[in-house]
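The values are calculated or read from the model by the stated rules, or taken from the named source; none is laboratory data. All values reported here derive from a predicted model rather than from experimental measurement. In this analysis, Cβ positions are derived from the backbone assuming ideal geometry, glycine residues included, and neighbour counts consider all displayed protein chains. Areas reflect the complete protein model, heavy atoms only, side chains present, ligands, DNA and RNA absent. Shrake-Rupley method; radii C 1.70, N 1.55, O 1.52, S 1.80 Å.
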Amino acid sequence: MVLLKVSGIHRQKGNDVVLYDVGFTQQHLQKIAIAGASGSGKSTLLKIIAGLIQPDAGEVLFESERVKGPYEKLIPGHSEIAYLSQQFELNNNYRVEEILSYANTLLPGEAEILYEVCRISHLLKRRTDELSGGERQRIALCRLLTTSPKLLLLDEPFSNLDLIHKNILKAVIRDIGERLNITCTLVSHDPADTLPWADEILIMKDGKIIQKGSCAEVYKNPVTEYAAALFGKYNIISQPLAKTLLQVTAVKENEKNIFVRPENFKIVADGEQSLKGKVNAVYFFGSYYEIEVILSANKIIARASASPPSIGDSVYVSLNNKTIWYV
(Lines give C-alpha, C1' and ligand atoms only; values in the text may rest on other atoms or scores of the structure.)
Protein backbone atom coordinates (compact mmCIF):
# COMPACT_ATOMS: atom_id res chain seq x y z
CA MET A 1 0.00 0.00 0.00
CA VAL A 2 1.37 3.41 -0.97
CA LEU A 3 1.58 5.55 2.15
CA LEU A 4 3.43 8.51 0.67
CA LYS A 5 3.69 9.83 -2.89
CA VAL A 6 5.97 12.77 -3.66
CA SER A 7 5.59 14.20 -7.16
CA GLY A 8 7.41 16.94 -9.08
CA ILE A 9 8.58 18.86 -6.02
CA HIS A 10 10.35 22.10 -6.93
CA ARG A 11 11.70 24.62 -4.45
CA GLN A 12 13.69 27.73 -5.20
CA LYS A 13 15.33 30.16 -2.78
CA GLY A 14 16.26 33.39 -4.52
CA ASN A 15 18.20 32.41 -7.64
CA ASP A 16 19.17 29.03 -6.21
CA VAL A 17 17.20 25.90 -7.02
CA VAL A 18 17.01 23.84 -3.82
CA LEU A 19 14.86 21.01 -5.18
CA TYR A 20 14.15 20.17 -8.80
CA ASP A 21 11.43 17.73 -9.92
CA VAL A 22 11.85 15.42 -6.93
CA GLY A 23 9.55 12.43 -6.75
CA PHE A 24 9.31 9.01 -5.10
CA THR A 25 6.82 6.73 -3.36
CA GLN A 26 6.99 5.02 0.02
CA GLN A 27 5.03 1.95 1.00
CA HIS A 28 3.59 1.31 4.46
CA LEU A 29 6.46 0.24 6.77
CA GLN A 30 9.05 0.65 4.00
CA LYS A 31 12.26 2.07 5.45
CA ILE A 32 13.70 4.78 3.18
CA ALA A 33 17.05 6.49 3.72
CA ILE A 34 18.05 9.69 1.92
CA ALA A 35 21.76 10.29 1.36
CA GLY A 36 23.64 13.20 -0.14
CA ALA A 37 26.25 15.83 0.53
CA SER A 38 25.47 18.90 2.62
CA GLY A 39 23.30 21.31 0.64
CA SER A 40 21.84 18.62 -1.63
CA GLY A 41 18.28 19.37 -0.47
CA LYS A 42 17.65 16.50 1.95
CA SER A 43 16.39 18.51 4.92
CA THR A 44 14.25 20.78 2.74
CA LEU A 45 12.61 17.72 1.20
CA LEU A 46 11.76 16.29 4.63
CA LYS A 47 10.25 19.59 5.76
CA ILE A 48 8.11 19.79 2.63
CA ILE A 49 6.85 16.25 3.24
CA ALA A 50 6.02 17.22 6.83
CA GLY A 51 4.08 20.29 5.64
CA LEU A 52 6.54 22.72 7.25
CA ILE A 53 7.82 24.30 4.00
CA GLN A 54 5.70 25.24 1.00
CA PRO A 55 6.92 23.82 -2.33
CA ASP A 56 6.90 26.11 -5.36
CA ALA A 57 5.57 23.26 -7.50
CA GLY A 58 4.57 19.64 -7.11
CA GLU A 59 2.61 17.90 -4.38
CA VAL A 60 2.92 15.47 -1.49
CA LEU A 61 0.15 12.90 -1.07
CA PHE A 62 -0.15 11.15 2.28
CA GLU A 63 -2.65 8.29 2.23
CA SER A 64 -3.91 9.77 -1.09
CA GLU A 65 -4.61 13.19 0.44
CA ARG A 66 -2.50 16.25 -0.33
CA VAL A 67 -0.28 17.56 2.45
CA LYS A 68 -0.88 21.30 2.82
CA GLY A 69 2.03 23.69 3.31
CA PRO A 70 2.30 26.58 5.76
CA TYR A 71 0.79 29.04 3.25
CA GLU A 72 -2.44 27.03 3.43
CA LYS A 73 -2.63 26.27 7.18
CA LEU A 74 -2.62 28.45 10.27
CA ILE A 75 -0.52 25.87 12.15
CA PRO A 76 2.01 24.19 9.81
CA GLY A 77 2.47 20.45 9.82
CA HIS A 78 0.46 17.26 9.42
CA SER A 79 -1.11 15.52 12.41
CA GLU A 80 0.05 12.05 11.30
CA ILE A 81 3.54 12.99 10.13
CA ALA A 82 6.21 13.61 12.79
CA TYR A 83 9.45 15.42 11.96
CA LEU A 84 12.48 15.29 14.26
CA SER A 85 14.77 18.20 13.46
CA GLN A 86 18.51 18.32 14.07
CA GLN A 87 17.76 21.31 16.32
CA PHE A 88 15.18 19.71 18.61
CA GLU A 89 14.32 21.54 21.81
CA LEU A 90 13.33 20.50 25.33
CA ASN A 91 12.25 22.95 27.99
CA ASN A 92 14.60 23.02 30.96
CA ASN A 93 13.64 22.58 34.62
CA TYR A 94 10.86 20.09 33.89
CA ARG A 95 10.68 16.43 34.75
CA VAL A 96 10.66 14.12 31.74
CA GLU A 97 7.22 12.75 32.60
CA GLU A 98 5.84 16.31 32.56
CA ILE A 99 7.32 17.01 29.12
CA LEU A 100 5.78 13.82 27.77
CA SER A 101 2.34 14.38 29.29
CA TYR A 102 1.47 17.54 27.32
CA ALA A 103 0.77 16.04 23.91
CA ASN A 104 0.20 12.46 25.03
CA THR A 105 -2.80 10.82 23.34
CA LEU A 106 -1.87 7.29 24.44
CA LEU A 107 -3.49 5.06 27.03
CA PRO A 108 -1.29 4.28 30.07
CA GLY A 109 -0.35 0.81 28.80
CA GLU A 110 0.50 2.17 25.35
CA ALA A 111 2.64 4.92 26.87
CA GLU A 112 4.63 2.39 28.88
CA ILE A 113 5.40 0.43 25.70
CA LEU A 114 6.50 3.63 23.99
CA TYR A 115 8.81 4.55 26.88
CA GLU A 116 10.29 1.05 26.73
CA VAL A 117 10.82 1.26 22.96
CA CYS A 118 12.55 4.65 23.32
CA ARG A 119 14.69 3.35 26.22
CA ILE A 120 13.57 6.15 28.57
CA SER A 121 11.51 4.37 31.28
CA HIS A 122 14.32 4.96 33.78
CA LEU A 123 14.46 8.68 32.94
CA LEU A 124 10.86 9.71 33.65
CA LYS A 125 11.58 11.23 37.09
CA ARG A 126 14.72 13.03 35.92
CA ARG A 127 14.81 16.72 35.11
CA THR A 128 15.55 17.69 31.52
CA ASP A 129 18.67 19.65 32.52
CA GLU A 130 20.11 16.45 34.04
CA LEU A 131 20.05 14.50 30.76
CA SER A 132 22.86 13.75 28.33
CA GLY A 133 22.56 14.76 24.69
CA GLY A 134 21.60 11.26 23.59
CA GLU A 135 18.99 10.98 26.36
CA ARG A 136 17.51 14.36 25.45
CA GLN A 137 17.20 13.28 21.84
CA ARG A 138 15.33 10.10 22.77
CA ILE A 139 13.00 12.16 24.96
CA ALA A 140 12.32 14.53 22.05
CA LEU A 141 11.65 11.57 19.78
CA CYS A 142 9.33 9.97 22.33
CA ARG A 143 7.43 13.25 22.70
CA LEU A 144 6.74 13.23 18.96
CA LEU A 145 5.57 9.62 19.08
CA THR A 146 3.04 10.28 21.85
CA THR A 147 0.80 11.76 19.14
CA SER A 148 0.70 8.34 17.36
CA PRO A 149 2.02 9.43 13.93
CA LYS A 150 1.98 7.05 10.97
CA LEU A 151 5.13 8.48 9.36
CA LEU A 152 8.29 9.54 11.17
CA LEU A 153 10.85 11.76 9.43
CA LEU A 154 14.31 11.76 11.00
CA ASP A 155 16.76 14.48 9.93
CA GLU A 156 20.35 13.42 10.72
CA PRO A 157 19.31 11.81 14.02
CA PHE A 158 22.79 10.42 14.76
CA SER A 159 24.76 13.63 14.38
CA ASN A 160 26.73 14.68 17.48
CA LEU A 161 26.09 11.36 19.26
CA ASP A 162 28.83 9.18 20.70
CA LEU A 163 28.93 5.55 19.59
CA ILE A 164 27.11 4.24 22.68
CA HIS A 165 24.12 6.58 22.32
CA LYS A 166 24.20 6.16 18.54
CA ASN A 167 23.76 2.40 18.85
CA ILE A 168 20.96 2.85 21.38
CA LEU A 169 19.14 5.21 19.01
CA LYS A 170 19.59 2.78 16.11
CA ALA A 171 17.90 0.09 18.18
CA VAL A 172 15.11 2.54 19.05
CA ILE A 173 14.49 3.42 15.40
CA ARG A 174 14.42 -0.26 14.46
CA ASP A 175 11.85 -0.99 17.18
CA ILE A 176 9.71 2.01 16.20
CA GLY A 177 9.04 0.29 12.89
CA GLU A 178 8.83 -3.29 14.14
CA ARG A 179 6.93 -2.82 17.41
CA LEU A 180 4.97 0.39 16.87
CA ASN A 181 4.26 -0.09 13.12
CA ILE A 182 5.41 3.41 12.27
CA THR A 183 6.93 4.03 8.84
CA CYS A 184 10.29 5.81 8.94
CA THR A 185 12.29 7.98 6.55
CA LEU A 186 15.81 8.82 7.63
CA VAL A 187 18.42 11.31 6.41
CA SER A 188 22.04 10.53 7.21
CA HIS A 189 25.48 11.13 5.71
CA ASP A 190 26.98 7.98 7.27
CA PRO A 191 26.65 4.69 5.32
CA ALA A 192 26.91 2.77 8.59
CA ASP A 193 23.57 4.33 9.55
CA THR A 194 21.73 3.62 6.31
CA LEU A 195 23.08 0.46 4.65
CA PRO A 196 22.15 -2.00 7.45
CA TRP A 197 18.73 -0.40 7.99
CA ALA A 198 17.07 0.83 4.81
CA ASP A 199 14.89 -1.03 2.32
CA GLU A 200 15.57 1.66 -0.28
CA ILE A 201 18.06 4.51 -0.54
CA LEU A 202 17.57 7.77 -2.43
CA ILE A 203 20.75 9.61 -3.42
CA MET A 204 20.45 13.37 -3.83
CA LYS A 205 22.76 15.86 -5.49
CA ASP A 206 22.08 19.54 -6.23
CA GLY A 207 18.40 19.17 -5.41
CA LYS A 208 17.80 16.12 -7.60
CA ILE A 209 17.47 12.40 -6.94
CA ILE A 210 20.21 10.91 -9.08
CA GLN A 211 19.82 7.27 -8.00
CA LYS A 212 17.39 5.13 -6.05
CA GLY A 213 17.54 1.46 -5.26
CA SER A 214 18.25 -1.18 -2.67
CA CYS A 215 21.25 -0.83 -0.38
CA ALA A 216 23.16 -3.45 -2.36
CA GLU A 217 22.40 -1.70 -5.67
CA VAL A 218 23.57 1.75 -4.62
CA TYR A 219 26.67 0.36 -2.91
CA LYS A 220 27.78 -2.06 -5.63
CA ASN A 221 26.59 -0.16 -8.70
CA PRO A 222 26.70 3.61 -8.04
CA VAL A 223 25.79 5.70 -11.06
CA THR A 224 28.54 8.30 -10.53
CA GLU A 225 31.71 8.79 -8.55
CA TYR A 226 29.75 11.13 -6.26
CA ALA A 227 27.28 8.33 -5.48
CA ALA A 228 30.15 5.92 -4.86
CA ALA A 229 31.87 8.27 -2.42
CA LEU A 230 28.77 8.56 -0.21
CA PHE A 231 28.96 4.90 0.78
CA GLY A 232 32.61 4.32 1.50
CA LYS A 233 36.05 4.08 0.02
CA TYR A 234 36.66 3.08 -3.57
CA ASN A 235 39.48 2.78 -6.08
CA ILE A 236 39.61 4.55 -9.44
CA ILE A 237 41.64 2.46 -11.85
CA SER A 238 43.42 4.48 -14.54
CA GLN A 239 43.18 3.45 -18.18
CA PRO A 240 46.71 1.92 -18.49
CA LEU A 241 46.31 -0.17 -15.35
CA ALA A 242 42.68 -0.91 -16.21
CA LYS A 243 43.75 -2.48 -19.50
CA THR A 244 46.26 -4.67 -17.72
CA LEU A 245 43.77 -5.71 -15.06
CA LEU A 246 41.12 -6.42 -17.66
CA GLN A 247 43.48 -8.70 -19.53
CA VAL A 248 44.51 -10.45 -16.35
CA THR A 249 40.96 -10.97 -15.13
CA ALA A 250 39.54 -11.76 -18.57
CA VAL A 251 36.95 -8.97 -18.45
CA LYS A 252 35.86 -7.36 -21.69
CA GLU A 253 37.63 -4.02 -22.08
CA ASN A 254 35.54 -0.91 -21.66
CA GLU A 255 36.26 2.71 -22.59
CA LYS A 256 35.33 4.01 -19.13
CA ASN A 257 37.29 4.05 -15.88
CA ILE A 258 36.99 1.11 -13.52
CA PHE A 259 35.79 1.62 -9.95
CA VAL A 260 36.44 -1.03 -7.31
CA ARG A 261 35.63 -1.19 -3.59
CA PRO A 262 38.63 -2.07 -1.36
CA GLU A 263 37.12 -5.39 -0.25
CA ASN A 264 37.03 -6.59 -3.86
CA PHE A 265 40.81 -6.46 -4.21
CA LYS A 266 42.45 -9.51 -2.63
CA ILE A 267 46.01 -10.09 -1.52
CA VAL A 268 46.91 -13.52 -2.93
CA ALA A 269 49.80 -15.84 -3.64
CA ASP A 270 51.47 -15.43 -7.04
CA GLY A 271 49.20 -16.62 -9.81
CA GLU A 272 48.08 -16.03 -13.37
CA GLN A 273 45.19 -13.76 -12.41
CA SER A 274 47.12 -11.31 -10.25
CA LEU A 275 49.46 -8.32 -10.49
CA LYS A 276 52.56 -7.68 -8.42
CA GLY A 277 52.77 -4.59 -6.26
CA LYS A 278 54.46 -3.14 -3.18
CA VAL A 279 52.81 -2.40 0.17
CA ASN A 280 52.93 1.33 0.87
CA ALA A 281 50.85 1.48 4.10
CA VAL A 282 48.80 -0.72 6.43
CA TYR A 283 45.85 0.61 8.47
CA PHE A 284 44.08 -1.25 11.30
CA PHE A 285 40.27 -0.89 11.58
CA GLY A 286 39.50 -3.42 14.28
CA SER A 287 37.85 -6.23 12.33
CA TYR A 288 39.92 -5.71 9.18
CA TYR A 289 43.02 -4.07 7.72
CA GLU A 290 43.26 -1.75 4.74
CA ILE A 291 46.37 -2.29 2.65
CA GLU A 292 47.66 0.49 0.42
CA VAL A 293 49.48 -1.06 -2.54
CA ILE A 294 51.43 0.58 -5.37
CA LEU A 295 50.61 -1.10 -8.70
CA SER A 296 52.47 0.27 -11.74
CA ALA A 297 52.65 3.79 -10.21
CA ASN A 298 48.95 3.57 -9.25
CA LYS A 299 47.87 3.48 -5.61
CA ILE A 300 45.03 1.11 -4.69
CA ILE A 301 43.45 0.11 -1.38
CA ALA A 302 42.76 -3.56 -0.69
CA ARG A 303 41.23 -5.11 2.42
CA ALA A 304 42.43 -8.03 4.53
CA SER A 305 40.72 -9.65 7.50
CA ALA A 306 43.85 -10.97 9.21
CA SER A 307 47.64 -11.36 8.99
CA PRO A 308 48.34 -8.31 6.81
CA PRO A 309 51.63 -7.90 4.95
CA SER A 310 54.17 -5.39 6.19
CA ILE A 311 55.09 -2.04 4.65
CA GLY A 312 57.61 -2.60 1.87
CA ASP A 313 56.54 -6.21 1.17
CA SER A 314 55.99 -7.34 -2.40
CA VAL A 315 52.48 -8.75 -2.80
CA TYR A 316 50.19 -10.01 -5.54
CA VAL A 317 46.75 -8.47 -5.98
CA SER A 318 43.77 -10.07 -7.69
CA LEU A 319 40.42 -8.58 -8.65
CA ASN A 320 37.02 -10.22 -8.66
CA ASN A 321 35.77 -9.22 -12.11
CA LYS A 322 32.12 -9.46 -11.04
CA THR A 323 32.53 -6.63 -8.54
CA ILE A 324 33.81 -3.83 -10.79
CA TRP A 325 31.69 -1.05 -12.21
CA TYR A 326 32.26 1.59 -14.87
CA VAL A 327 31.64 5.31 -14.60
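Convex hull over the alpha-carbon atoms of segment 1-87: what's its volume per residue in Å³?
Once divided by residue count, the hull of segment 1-87 is 111 Å³.
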Hz values of 3J(HN,Hα) by residue in segment 129-141 - Karplus curve (6.51, -1.76, 1.60), Gly and Pro given as x: 7, 9, 9, 6, x, x, 5, 4, 5, 5, 5, 4, 5
Name the residues of segment 1-39 whose amide N is less than 12 Å from a point 7 angstrom out from the Cα of SER64 along the C-beta direction? 2-3
Determine the distance separating the Cα centre of segment 177-244 from the Cα centre of segment 11-54; give it in Å without decimals. 16 Å
Can you give me the relative contact order of the chain as a percent, contacts being Cα pairs under 8 Å and 6 or more apart? 16 percent
Please compute the Kirkwood hydrodynamic radius over segment 121-234, one decimal place, Å, based on all pairs of different Cα atoms. 15.7 Å
Gyration tensor on Cα atoms of segment 72-181, a ≥ b ≥ c root eigenvalues, a/c under 1.5 rounded, else prolate if a/b beats b/c, else oblate, says rounded
Computed, not fitted: 222 nm per-residue ellipticity of the chain from DSSP H runs ≥ 4 (each -39500 (n - 2.57)), nearest 500, equal to -7000 deg cm²/dmol
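Could you work out the longest stretch of the chain that avoids the chymotrypsin sites (Phe, Trp or Tyr not before Pro) located in DSSP loops with at most 16 other Cβ atoms within 10 Å?
103-284
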Of all the accessible heavy-atom surface of segment 146-275, with the other protein chains kept in place and a 1.4 Å probe, what percent is carbon and sulfur? 51 percent
Per the Kirkwood treatment, what hydrodynamic radius in Å, one decimal, follows for the chain from the mean inverse distance over all distinct Cα pairs? 22.4 Å
Any cysteine of the chain lacking a neighbouring Cys Cβ under 4.7 Å - listed by number: CYS184, CYS215
Let me check the size of segment 262-327 from its C-alpha atoms; what are the radius of gyration and Dmax in Å? 11.4, 33
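Please pull out the direction-averaged projected area of segment 191-314, using the convex hull of its alpha-carbon atoms, in nm² to one decimal place. The partial results should precede the final answer.
Working: hull surface 36.1 nm².
Mean orientational projected area (segment 191-314, Cα hull): 9.0 nm².
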With N set to the residue count of segment 151-216, report its C-alpha Rg divided by 2.2 N^0.38 Å to two decimal places. 1.14
Over the chain, give the accessible area per residue in Å² for a 1.4 Å probe, as an integer. 50 Å²
If I model a spin label as a point 7 Å beyond the Cα along the Cα-Cβ vector, how far apart are those points for LYS208 and TYR316 in nm? 4.6 nm
Ignoring ligands, DNA and RNA, what percent of the accessible area of segment 1-118 is carbon or sulfur (1.4 Å)? 47 percent
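If you count the DSSP beta bridges with both ends in the chain, what percent of them are antiparallel, to the nearest 5? Each step should come with its number before you reach the end.
Values: 47 of 64 bridges.
Among the beta bridges of the chain, antiparallel pairing accounts for roughly 75 percent.
For segment 49-100, run through the trypsin sites (Lys or Arg not before Pro) and keep only the ones in DSSP coil with at most 16 other Cβ atoms within 10 Å of their Cβ.
Sites meeting the loop and neighbour criteria: LYS68, LYS73.
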Fluctuation leader among ALA50, ALA33, ALA140 - the chain, Gaussian network, Cα springs under 10 angstrom: ALA140
